[in-house]
Amino acid sequence: MSENLRFYKQNGFLHLKNIFSNEEIGKILIDAKNIFLRQFIEKKYIDICKLEDLTEDYFNELLFKLFEEDFECVSNSGKQIQHLISLHSLSLSSKIISLLEENEIKTPIISTRPVLYFNHPKLAKKKVYHTVDAHQDWRSMQGSLNSVVIWIPLVDINRNLGALEILPGSHLKGLITNHIENGFGMVSLSNEESKKIITVEAEVGDILLFSSFLIHQSGNNISNKPRWSCHFRYNDLDEKTFIQRKFPHPYIYKPIETLITSEFPNKQDIIETFK
């Protein structure tokens, strides 16, 4: 058994440094920000420009402004971000698949779609949308017992930015979720458990791999910047209880039945598109 695997089995997590290059991670962040840039230009907040023409502070100022003035636009843009090809490509990286196999995920399979977060109190109508208290991911995944989560920072995330906080060894407590809140299996921590929480400050290129039973929570983002990160979940098709339970899948994906934009498109819109 490798030293990493031994540590993982005992503590329920691995913080792995410099797994990806800055370029690999930066591509996702650029793609995500460019979705918002298109809306900044459409709203005439700024003239037509490239992302590199904006400072980080100015970009954030515009993002906060868009949230205040058009929440629907931010929400829809956020949904598009979840479908970035660069994001999905990273979730299928050979580096990640190798790490899963090294941690005894014999036949990895994706549990649910990748998630890209851009968290800040100024970009949320409820606390749970920017800071999630102690929870376990297995309650929403309901997959293999050895299922894992891979959390990847898209920017350097320290305490001020709300670095992830974990309770080492808590995966061995099993499923102790006492209720579901916005899809998260919430957990009540004792004072003694709260004292054992550790903060994982992570840099671009790092990976935090952890058991879906590990208790973790968001730190408080007290900075003036969003906390950009992505989150992948994997099950193991060869885990015996997963097979015995007929491979349960708790996620529901379906389109709405009504037109989001009424009376659109008309015939002329289509003709213009294919000119």
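Rule-based calculations on the coordinates, nothing more; no lab input. All of these numbers come straight from a predicted model, not from anything done at the bench. Ideal geometry is used to build each Cβ from the backbone, glycine not excepted, and the neighbour counts take in all protein chains shown.
Annotations
- Among the trypsin sites (Lys or Arg not before Pro) in the stretch 62-138, those placed in a DSSP loop whose Cβ has at most 16 other Cβ atoms within 10 Å are K106, K125, K126.
- Shown in residue order for the stretch 58-67 are the 3J(HN,Hα) couplings computed by the Karplus curve 6.51 cos²θ - 1.76 cosθ + 1.60 at θ = phi - 60°: 5, 4, 5, 4, 5, 5, 5, 5, 4, 4 Hz (x for Gly and Pro).
- Karplus-derived 3J(HN,Hα) values for the stretch 136-145, using 6.51 cos²θ - 1.76 cosθ + 1.60 with θ = phi - 60°, are 10, 7, 4, 4, 8, 7, 6, x, 5, 5 Hz; glycine and proline are entered as x.
- Spin-label proximity, I176 to the stretch 208-227 - amide N less than 14 Å from point 7 Å beyond Cα toward beta carbon: 213-217
- Table column - 3J(HN,Hα) (Hz), the stretch 212-229, Karplus curve with 6.51, -1.76, 1.60, x for Gly and Pro: 5, 8, 5, 6, 8, 7, 7, x, 8, 7, 9, 8, 9, 10, x, 9, 8, 7
- Environment charge at F242 (Cβ cut-off 15 Å; Lys +1, Arg +1, Asp -1, Glu -1): +1
- Largest to smallest principal axis extent of the C-alpha atoms in the stretch 78-176, angstrom: 42, 36, 24
- Residue exposure sequence - F40, F71 - by fewest surrounding Cβ within 10 Å: F71, F40
- Global form of the stretch 1-159, assessed from the alpha-carbon gyration tensor, a/c cut-off 1.5: prolate
- Cut-off under 5 Å, modelled amide H: who pairs with C230 long-range: Y117, I152, L154
- The stretch 34-111 and the stretch 129-183 have Cα centres separated by 21 Å.
- Overall shape of the stretch 3-273 was characterised from the C-alpha gyration tensor. The equivalent ellipsoid obtained from it has semi-axes of 33, 23, 19 Å, in decreasing order.
- Amide hydrogen proximity for G185: with H placed 1.01 Å from N in the peptide plane, the residues at 5 or more positions away or on another chain lying under 5 Å are Q136, R139, S140.
- In the stretch 1-70 the Cα-Cα distances spread across 10 Å bins starting at 0 as 16, 34, 18, 16, 13, 3 percent of all pairs.
- Near A202, once Lys and Arg are set to +1 and Asp and Glu to -1 for all other residues with Cβ below 13 Å from its Cβ, the sum equals -2.
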